[in-house]
Amino acid sequence: MKREDIIHFGAGPASLPSDVLATAAAALQNYDDTGLGVAEHSHRSGLAANILATMKADLANFLDIPPSYDILIMQGGGSGQFDATIYNSISIWVERQRQEILKNTRIGVNGKEISEDDMVKELRQRVEWSLKASKEAVRLLGPEYVNIVADARKISDGKFGKIPDESTWTLSRKPAMVYLCENETVDGVEWPSFPKVLEPTGPDDDHIIVGDFSSTILTRRIPIKNFSLIFFGAQKNLGITGITIVIIKKSLLPPVSAPCPPAMLRKLGLPISPIIIDYAAAAQNNSLYNTLSIFEQVLKKLLATFPDKVDGQQVVAERKAKVVYEVLDAYPTIYKVVPDKSVRSRMNICFRMIKGGNVDEAEKAFLEGAVERGLTGLKGHRSVGGIRVSNYNAVSESGIEKLVAYMKEFAAA
Ligand code: PLP
């Protein structure tokens with residue numbers, strides 16, 4: 001099978017444009033006429049520093065990242081960030097509380113400071129976490145610290161097919177951290193816009209808002225200022241597996257926000273972040289705390305293709321998704337889109353077959369026919385089955401046309 005015979009719709013890792021891969025392959029052999037491949041150069045070399053700096057600048061340019069945000073390049077993928085966001089948020093939040101207590105309890109010129117035991121008692125009362133995150137939050141902190149403000153499954157037959165109305169959310173009074181996943185890759189549910197109730201109302205909003213942009217980064221404009229930090233792995237829209245990007249408000253990093261001293265976290269029975277996922281350590285070491293994969297080729301092409309940057313890419317992504325949904329809606333007796341129309345993902349288009357009553361057989365036939373035509377990676381997530389068209393940036397409009405021609409042919413057959 002030749003590369004040009006395939007259009008790959010896998011949900012991640014995603015395929016990359018062939019011209020980008022050709023440049024990357026040459027760079028792996030001999031980068032910039034140095035005689036060494038890019039992955040063989042030291043991550044501490046000037047060459048690596050230059051690649052990192054260019055990549056950060058290109059990303060900031062493409063996404064219009066405000067200068068008040070820093071970009072950290074880390075490892076461990078999105079799953080690593082499930083832990084990192086919690087560990088780091090805990091530490092930053094506790095430290096803020098500790099500093100506030102210290103400020104309010106210093107008495108007189110001689111400064112009688114609060115005793116450590118009283119500090120622990122005071123902090124224990126304040127540590128009312130409300131983290132809507134993954135099972136990791138429960139695993140790391142315990143169920144009492146996790147508040148799931150809205151559970152889509154309760155209004156959508158046990159599935160993530162709708163986003164509950166904001167008026168029904170049970171937000172905590174003073175959450176330490178609020179977590180939202182911008183696009184749910186398994187069932188294909190995407191937030192149409194940033195939730196109104198989470199919009200910052202002023203500088204006193206000191207809770208941390210985390211956004212998982214693993215599957216939509218570089219495909220739409222992000223209201224970055226509404227987030228304290230966002231994260232994503234490279235493997236869907238930025239490049240190959242191996243690095244994870246965190247875009248974080250500089251005010252959450254030293255010297256403005258110091259992490260809480262480990263001894264205090266220990267006294268409070270709270271977990272201490274491993275150094276490798278510690279944001280302060282990453283920032284202080286210019287993302288080079290340890291050996292990092294220095295390899296990036298996609299942003300250059302995006303910047304060269306779209307003079308209006310992410311807005312241009314967004315138009316294309318929406319156009320491609322629209323074409324697929326139009327065919328799905330045109331054959332309601334054959335195809336059934338999984339999520340509600342209001343929250344359909346542009347990136348992961350998930351549907352079931354209702355043709356002929358036997359879903360499994362029909363889907364199997366659809367997938368087999370697709371592979372015969374060079375349309376690969378369409379099988380739904382292993383936990384839910386069905387068909388999933390991942391419409392990441394490297395999937396071309398002509399690739400989408402080939403897919404929809406097949407969908408029409410299958411429906412008519
Ligand atoms: N978040 C979302 C929305 C995802 O789609 C995925 C994986 O596909 C992850 C997180 C986990 O990412 P990783 O495999 O990089 O750990």
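Values quoted throughout were computed directly from the atomic coordinates according to the rules given, and no laboratory measurement underlies them. Being a predicted model, the structure only gives us computed values, none of them experimental. For neighbour counting, all protein chains shown are included, and Cβ atoms are generated from backbone atoms with ideal geometry for every residue, glycine included.
So here's what we get for this one:
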| item | result |
| --- | --- |
| Placed amide H near residue 69: partners under 5 Å, 5+ positions off or other chain | 250 |
| √(5λ) per eigenvalue of the Cα gyration tensor, segment 308-412, largest first, Å | 23, 15, 13 |
| Net length gained if the chain between residue 50 and residue 382 were fully extended (0.36 nm per residue, minus Cα distance) | 115.5 nm |
| Nearest-20 debye value, the chain charge dipole, Cβ charges on Lys, Arg, Asp, Glu | 480 debye |
| Built amide H within the under 5 Å cut-off of residue 344, gap 5+ | 190 |
| Value of [θ]222 nm, deg cm²/dmol, for the chain, DSSP H segments ≥ 4, -39500 (n - 2.57) each, nearest 500 | -11500 deg cm²/dmol |
| Segment 213-372 - Rg over Rh from alpha carbon coordinates, Kirkwood radius | 1.10 |
| Cα gyration tensor shape for segment 253-315, rounded if a/c is under 1.5, else prolate or oblate | prolate |
| Cα-derived Rg to Rh of segment 238-283, Kirkwood definition | 1.07 |
| Within the chain, percent of DSSP bridges classed antiparallel, to nearest 5 | 70 percent |
| Rounded Å value of the spacing that divides the Cα centres of segment 5-27 and segment 167-201 | 33 Å |
| Given charges at Cβ of Lys, Arg, Asp, Glu: the chain dipole, positive-most of 376, 366, 148 | 148 |
| Expected-Rg normalisation [2.2 N^0.38 Å, Cα atoms] applied to segment 50-284 | 1.06 |
| Per residue convex hull volume, Cα atoms of the chain, in Å³ | 155 Å³ |
| Net charge over other residues, Cβ less than 10 angstrom from the Cβ of residue 387 (K, R count +1; D, E count -1) | +2 |
| On Cα atoms only, tilt of 46-63 relative to the major axis of the chain in degrees | 80 degrees |
| Tilt relative to the chain, helix 359-372 - C-alpha long axis, 0 to 90 degrees, to 10 | 80 degrees |
| Nonlocal amide H pairs with residue 209, under 5 Å, H built at 1.01 Å | 178, 228, 229 |
| Percent of alpha-carbon pairs separated by more than 19 Å within segment 334-395 | 30 percent |
| Within segment 176-256, percent of DSSP bridges classed antiparallel, to nearest 5 | 45 percent |
